[in-house]
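Here's the structure we're looking at; comments come further down.
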Amino acid sequence: MSRMTPDYAELARVDRSNHLHPKTNPVTYQRDGGTMIVGGQGVYLTDSEGNRLLDGVAGLANVNVGYGHPQLIEAIHCQLNELSYFHTFTGFSNPASAALTERLRDRLPATINTFYYVASGSEAIDTAAKIASFYWRRRGQHGKRKFIAFRRGYHGNTVFASALTGMPEYHDQFALPLDDIIWVDPPFQYEQNPGMDEAAFSRLASNRIREAIEAAGPDTVAGLFAEPMLASGGGIIPPKSFWPEVRRICDALGVLLIFDEVITGFGRLGEWLGETAFGVTGDICAMAKGISSAYIPMGAVGLSDRVADVLMNANKYFMHGFSATGHPVAAAATLANIEIIESEGLLAATRTGPGLEWRNGLDGLSRHDIVGDIRRLGFVGVLHLDPAKTGRSGPSKTAPAARFSALCRDRGLIVRGGEEIVLMSPPLCLSASEAAEMIGILDDALTAFASDPD
Ligand code: PLP
């Protein structure tokens, strides 16, 4: 089948004038335009001008097995030929989603055996919240309707997922936040108590959760939502004993522990679920992104047996469902994705050759004065720039991390820059030489920043 080369310039004109993009300033986009990505292979993207870019973020931390993987493409193709779609409402199912349930049951922690399928991380979060609410109602505890969430946590953009997101900019344009969310500071030692002993800091941070639940009244709190490590909020890695302590607090006070594994799952922290890396299992987990490496939108909610027992014995409709719930093509893509992660040893990749190259390379960047902190776990890493050391002569229009990202981009590397934090989450298939290339560009961009900080 031959295809005509599209007229990218014309397409870009339409896109600028009539496509409202997410998290994009529409005025500057219409004026200046952006970048058309036209191809992807492995860890590299190609834009419409023929530039090759190393994707240091794996899309949005979701293309875990890399772009253009033939096995995944083939699995999607086969499923499309077999059954392109049918829903899973009112007693219907399909072999792909049934096979996926079996596979997830085998791979995830032993207590998580029941699954609900969705098409995105935000849907997984909303579904997890509804499951938690329904669980307590079925148990006659109707007063349990509040959720604890971390300031700086990110949980997505449906109304409830935005409400759980602890960043004011996600509330300001809308009728948010909601009253039933209780905010707690995340366990962020670098900013909160840098000199403190780690175990003492862990107790302090986990006690904040206990105090928040006790202040609200345990009878009013349904669950705690949290990423095992906060990714978009700044690459915040809790101390080792934090999650086991929080697990005990939740058990003692009767609060469900709900992990948002949307970024941390499917190999990003070297395990199927990030919570395993911290030695705990939640009562509910929300998964998406890397579950299908974003070849097809997909998400899932995992229910522990304790929660599943209550929901699976409700002798009535569970009144929650999306047209794409249990989509056979998304399920087939997810199955293939899991096979690739296993056959290519990608869970181990965060600890072996490429992972070590990346990790050691990142650590080496601390020799640049401008770097205040480096935090990394598995294939998530941040450079936390120190604004006091950027050498800027005055207030600049661009945040330091945004300026640094632009310098990386000029050198062929995509990273994500917030105010002071540069976030990276490369595909798990990154090779040792690609890791070295990435570190080389970061090194060069840091040197360039130091000599021209404004
Ligand atoms: N949870 C976390 C931790 C995320 O990082 C994201 C997206 O970035 C979401 C939830 C929402 O996922 P989606 O964008 O697929 O709705």
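The values are calculated or read from the model by the stated rules, or taken from the named source; none is laboratory data. Keep in mind the model is a prediction, meaning the values are calculated, not measured. Glycine gets a Cβ as well: all are built from the backbone with ideal geometry, and neighbour counts include every protein chain shown. Note: areas computed on protein heavy atoms with side chains; ligands, DNA, RNA excluded. Shrake-Rupley method; radii C 1.70, N 1.55, O 1.52, S 1.80 Å.
Of the residues making up segment 32-44, those that are more than 22 Å from the chain's Cα centre (by Cα) and open to solvent by less than 30 Å² (accessible area, probe 1.4 Å) number 2. Could you tell me whether Ile213 is within 13 Å of the ligand (Cβ to nearest atom) and open to solvent by less than 40 Å² (accessible area, probe 1.4 Å)? Here the answer is no, as Ile213 does not meet what is asked.
Mind listing whichever residues of segment 365-391 are more than 21 Å from Pro453 (Cβ to Cβ) and outside any loop (DSSP other than H, G, I, E, B)? Step through it out loud before you land on a result.
First pass over segment 365-391, keeping only residues more than 21 Å from Pro453 (Cβ to Cβ): 375-381.
Hits for segment 365-391 are Arg375, Arg376, Leu377, Val380, Gly381.
Checking the structure you have, find out if any residue of segment 127-145 is among the hydrophobic types (A, V, I, L, M, F, W, C), in a strand (DSSP E or B), crowded, with 22+ Cβ neighbours inside 10 Å and within 16 Å of the ligand (Cβ to nearest atom). Scanning segment 127-145 turns up no residue that is among the hydrophobic types (A, V, I, L, M, F, W, C), in a strand (DSSP E or B), crowded, with 22+ Cβ neighbours inside 10 Å and within 16 Å of the ligand (Cβ to nearest atom).
Search segment 269-286 for residues being within 14 Å of the ligand (Cβ to nearest atom) and either touching a helix residue (DSSP H, G or I) at 6+ places or on another chain (Cβ under 6 Å) or modelled with pLDDT under 95 (or both), and hand back the single one that is farthest from Leu335 (Cα to Cα). So that I can check it myself, show each step before the final result.
The first filter runs over segment 269-286 and keeps only residues within 14 Å of the ligand (Cβ to nearest atom), leaving 269, 273-275, 282, 284-286.
Keeping just the survivors that are either touching a helix residue (DSSP H, G or I) at 6+ places or on another chain (Cβ under 6 Å) or modelled with pLDDT under 95 (or both) gives 269, 282, 284, 286.
Values: Leu269: 20, Gly282: 23, Ile284: 21, Ala286: 17 Å.
By that ranking, first place goes to Gly282.
Of the set (1) modelled with pLDDT under 95; (2) within 30 Å of Phe92 (Cβ to Cβ), all apply to Ser323 but (1). What about Thr101, is it touching a residue at least 12 places away in the same chain (Cβ under 8 Å), part of a loop (DSSP other than H, G, I, E, B) and closer than 18 Å to Leu303 by Cβ? No.
I need the strands (runs of 3 or more DSSP E) fully contained in segment 1-88, keeping only those with at least 2 residues that are among the hydrophobic types (A, V, I, L, M, F, W, C).
37-41, 52-55
Which residue, of Ala110, Ala124, Ala149, is surrounded by 14 or more Cβ atoms within 10 Å (Cβ to Cβ) and either modelled with pLDDT under 95 or not in a strand (DSSP E or B) (or both)? Walk me through it before giving the result.
Details: Ala110 fails: surrounded by 14 or more Cβ atoms within 10 Å (Cβ to Cβ); Ala149 fails: either modelled with pLDDT under 95 or not in a strand (DSSP E or B) (or both).
Only one candidate passes the filter, namely Ala124.
Return a yes/no flag: does segment 31-51 have any residue that is acidic (Asp, Glu) and either in contact with a Lys or Arg (Cβ under 7 Å, 6 or more places away or on another chain) or within 16 Å of the ligand (Cβ to nearest atom) (or both). No, the conditions are met nowhere in segment 31-51. Taking the listed residues Ala294, Ala300, the one that is open to solvent by 20 Å² or more (accessible area, probe 1.4 Å), touching a helix residue (DSSP H, G or I) at 6+ places or on another chain (Cβ under 7 Å), within 17 Å of Asn64 (Cα to Cα) and at pLDDT 95 or above is Ala294, with no other qualifying.
The set of residues from segment 230-268 being open to solvent by 10 Å² or more (accessible area, probe 1.4 Å), among the polar types (S, T, N, Q) and within 14 Å of the ligand (Cβ to nearest atom) comprises just one member, Ser232.
Anything in segment 312-330 that is touching a strand residue (DSSP E or B) at 6+ places or on another chain (Cβ under 7 Å) and not polar (S, T, N, Q)? List them, or say none.
Taking segment 312-330 as the starting set, the residues that turn out to be touching a strand residue (DSSP E or B) at 6+ places or on another chain (Cβ under 7 Å) are 312, 322, 325-326.
Within segment 312-330, Met312, Phe322, Gly326 qualify.
Go through segment 45-61 and give me each residue that's within 24 Å of the chain's Cα centre (by Cα) and open to solvent by 30 Å² or more (accessible area, probe 1.4 Å). Across segment 45-61, the qualifying residues are Thr46, Gly59, Leu60.
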